[in-house]
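**Q** Let me give you the structure first, and then I'll get to my questions.
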Amino acid sequence: IPISDYFLKINQNYTAVTRQEEAARYDIVTARAKSYSDGKIAYFTWLRARGAVTVAEQSLAVARAHQKDAENQFAVGNASKADVLRAQTAVAAAELAVERAKSGVVMTERQVRVATHAKEEERLQPGESLDTPLPPIPPNPRALVGEAHGARPEIKSVDKNAEASRKLANAANANKYPSLSGFGDVTYGNPNSRRFPQTQDWFPTWAVGAQISWSPNDVIAAGSSVGDIEARAAALDAQKSVVRDGIELEVTQAYQAVVEADTAISTTTRQLESAEEGYRVARELFNAGRGTSTTLIDAETALAQTRFEHLNAKVDARVARIRLDHALGRDVK
């Protein structure tokens, strides 16, 4: 029975393994939270692609209306054949944009199915509109950093691994000291060699004792092992600081992304109103023979670009909040 090991090694090794198990659990939590966040981002990427189809179809409708207007103006002599051809070119380009947007929907839907392990026969339908109100931005970004440091499982995993290394160092350090062992045995024999004088009959004997063993080589080997393990613990402590700094930067970046995306929604909303009005005026002037086809095409291009920017701003605002929640550890379950 290794008596000294019960006090110097076994408990330390058991605690170390327990801490390593806890660290592994935190690693699992980290992976699950990342998968959860990536799945939600894939969902909104799919919504972005579906919205892009709608915007592309709107642009196609505008281009076809322009083509019809150009043909009518050409029929009455207010437009040239070049104007009609340019309008037809714009329609062809819009049709290609619609097909590309539809291809994007197919790819992003596949990503959602892979992320959620949805079956092929299961029909995917959006469960959230991009026009729903967004939650307000947290007012104090510094408080968010403290929340992230207390919630992120990566920090807890490093803490547990460092604690496990220190426990292993304590266990290895015990090899420097003499080892105390206890022993005991019972013999029931015929003849029994421990009986004197020996007889031809069954006789029981027992023995109990203790022994101390120590070797100078154990001191040298233990010193090297302890040094390696303590260096590993110190590296983990340093890694914790790196992880904390990385999380602080991640939270700051995610917070600023939310602020920027919300600002983009506000600005693109105003831009969209201006672009719609600019297109309306340009079309009326063209139909009245007072505007050129070039001016109308520029208005159409500006309208399509603003619609895409407004769509991207709404999606980016939601993706930024997902990343902020992940940076804060709020998606840890």
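The values are calculated or read from the model by the stated rules, or taken from the named source; none is laboratory data. Keep in mind that this is a model prediction, so the values were computed, not measured. For neighbour counting, all protein chains shown are included, and Cβ atoms are generated from backbone atoms with ideal geometry for every residue, glycine included. When the accessible area is computed, the model is the full protein with side chains, heavy atoms only, and any ligands, DNA or RNA have been set aside. Shrake-Rupley method; radii C 1.70, N 1.55, O 1.52, S 1.80 Å.
**Q** Which of these, D159, D27, D131, has the largest mean-square fluctuation under a Gaussian network model of the chain (Cα springs below 10 Å)?
**A** D131
**Q** Tell me which residues come under 5 Å, amide H to amide H, from A79 once H is placed; ignore anything under 5 positions away on its chain.
**A** Close amide H contacts, sequence-distant or interchain: F74.
**Q** How large is the dipole of the range 80-158 about the Cα centre if only Lys and Arg carry +1 and Asp and Glu carry -1, each at its Cβ, rounded to the nearest 20 debye? Show your work: numbers first, answer last.
**A** Numbers: 11 positive and 11 negative charges, 49 e Å.
That gives the range 80-158 a dipole magnitude of about 240 debye.
**Q** What distance in nm separates the two pseudo spin-label positions at T292 and E95, each 7 Å out from Cα along the beta-carbon direction?
**A** So the label points at T292 and E95 sit 2.8 nm apart.
**Q** Give me the net charge for the shell around A115: Cβ to Cβ below 12 angstrom, other residues only, Lys and Arg +1, Asp and Glu -1. Could you put the intermediate results ahead of the total?
**A** Values: positive: K34, K40, R110, R113; negative: D38, E109.
Neighbour charge sum, excluding A115 itself: +2.
**Q** Averaging the inverse of every distinct alpha carbon separation and then flipping it gives the Kirkwood radius. What is it for the range 94-163, in angstrom units?
**A** Numbers: mean 1/r = 0.0585 Å⁻¹.
When all Cα pairs of the range 94-163 are included, the Kirkwood radius is 17.1 Å.
**Q** Enumerate by residue number the chymotrypsin sites (Phe, Trp or Tyr not before Pro) in the range 192-273 meeting two conditions: DSSP loop (anything except H, G, I, E, B), and at most 14 other Cβ atoms within 10 Å of the site's Cβ. It would help to have the intermediate numbers written out before the result.
**A** Values: sites: W202, W206, W214, Y255; in loops: W202, W214.
Of the chymotrypsin sites (Phe, Trp or Tyr not before Pro), the ones in loops of the range 192-273 whose Cβ has at most 14 other Cβ atoms within 10 Å are W202, W214.
**Q** May I ask you to evaluate 6.51 cos²θ - 1.76 cosθ + 1.60, the Karplus curve with θ = phi - 60°, for each residue of the range 231-245 and list the ³J(HN,Hα) values in order in whole Hz, giving x for glycine and proline?
**A** The phi angles translate into 5, 5, 5, 5, 5, 5, 4, 5, 5, 4, 5, 5, 5, 5, 5 Hz.
**Q** For the chain, with the dipole built from +1 on Lys and Arg beta-carbon atoms and -1 on Asp and Glu ones, taken about the Cα centre, which of F183, Q198, H66 lies farthest toward the positive end?
**A** Selected residue: Q198.
**Q** A further question follows. How much length is gained on full extension from M107 to S274, taking 0.36 nm per residue of separation minus their Cα-Cα distance? Kindly include the intermediate steps, with their values, before the conclusion.
**A** Details: separation 167, 0.36 × 167 = 60.12 nm, distance 3.30 nm.
In short, 56.8 nm is gained.
**Q** At a Förster radius of 45 Å, what calculated FRET efficiency corresponds to the Cβ-Cβ distance of A231 and T116, to the nearest 0.05?
**A** Numbers: r = 44 Å, r/R0 = 0.97.
In this case the efficiency is close to 0.55.
**Q** Another one. What's the local net charge at D316, with K and R +1, D and E -1, over the other residues with C-beta under 14 Å away?
**A** On the way: positive: K40, R48, K314, R318, R321, R323; negative: E260, D262, E309.
In short, +3.
**Q** What nm distance separates the two modelled labels at L85 and E147, each placed 7 Å from Cα along Cα→Cβ?
**A** 6.1 nm
**Q** How about K9: which lysines have a C-alpha closer than 21 Å to its C-alpha, ignoring those fewer than 8 places off in the same chain?
**A** Correct list for K9: K160, K167, K176.
**Q** Return the single residue from L85, L47, L311 with maximal mean-square fluctuation; model: Gaussian network over the chain, springs between Cα atoms under 10 Å.
**A** L85
**Q** Here's another thing I want to ask about it. To the nearest 10 degrees, how steeply does helix 293-328 sit against the main Cα axis of the chain, on a 0 to 90 scale?
**A** Compared with the principal axis, the helix lies near 20 degrees.
**Q** Mind checking the angle between helix 11-75 and the chain's longest principal axis? C-alpha axes, 0 to 90 degrees, to the nearest 10.
**A** The answer is roughly 10 degrees.
**Q** Please express the shape of the range 1-150 as an equivalent ellipsoid: the semi-axes are the square roots of 5 times the eigenvalues of the C-alpha gyration tensor, given largest first in whole angstrom. Present the calculation step by step, with values, prior to reporting the outcome.
**A** Working: eigenvalues 762, 71, 31 Å².
Equivalent-ellipsoid dimensions as semi-axes: 62, 19, 12 Å.
**Q** Return the long-range amide H neighbours of T292 (sequence gap of 5 or more, or a different chain), with a cut-off of under 5 Å between placed amide H atoms.
**A** It is none; the list stays empty.
**Q** Provide the per residue accessible area, probe 1.4 Å, for the chain, rounded to a whole number of square angstrom. List each step's numbers first, then the result.
**A** Details: 19550 Å² over 333 residues.
On a per-residue basis, the chain sits at 59 Å².
**Q** Let me check I've understood the local charge: for G189, count other residues with C-beta under 11 angstrom from its C-beta, Lys and Arg +1, Asp and Glu -1. What total comes out?
**A** Values: positive: R194, R195; negative: D201.
It works out to a net charge of +1.
**Q** Another question, if that's okay. If the only charges are +1 at each Lys and Arg Cβ and -1 at each Asp and Glu Cβ, what is the size of the charge dipole of the range 238-327 around the Cα centre, to the nearest 20 debye? Don't skip to the end; give the middle numbers.
**A** Values: 11 positive and 14 negative charges, 30 e Å.
Its charge dipole is roughly 140 debye.
**Q** Enter the angle in degrees (range 0 to 90, nearest 10) between the Cα long axis of helix 141-151 and the first principal axis of the Cα atoms of the chain, meaning the one along which they spread out most.
**A** Taking the Cα atoms of the chain, the angle to 141-151 is about 40 degrees.
**Q** Under a plain spin-label model, where a point goes 7 Å from the Cα along Cα-to-Cβ, how far apart in nm are R25 and R194?
**A** 4.7 nm
**Q** Okay, moving on. Suppose every K and R has +1 on its Cβ and every D and E has -1 on its Cβ; what is the size of the dipole of the chain about the Cα centre, in Debye to the nearest 20? Let's see the in-between values first.
**A** On the way: 41 positive and 42 negative charges, 86 e Å.
So the dipole magnitude of the chain works out to roughly 420 debye.
**Q** Here is a further query. For the chain, what D do you get in µm² per second when you plug the Kirkwood radius from alpha-carbon pairs into Stokes-Einstein at 10 °C and 1.306 mPa s?
**A** On the way: Rh = 27.0 Å.
Estimated diffusion coefficient is 59 µm²/s.
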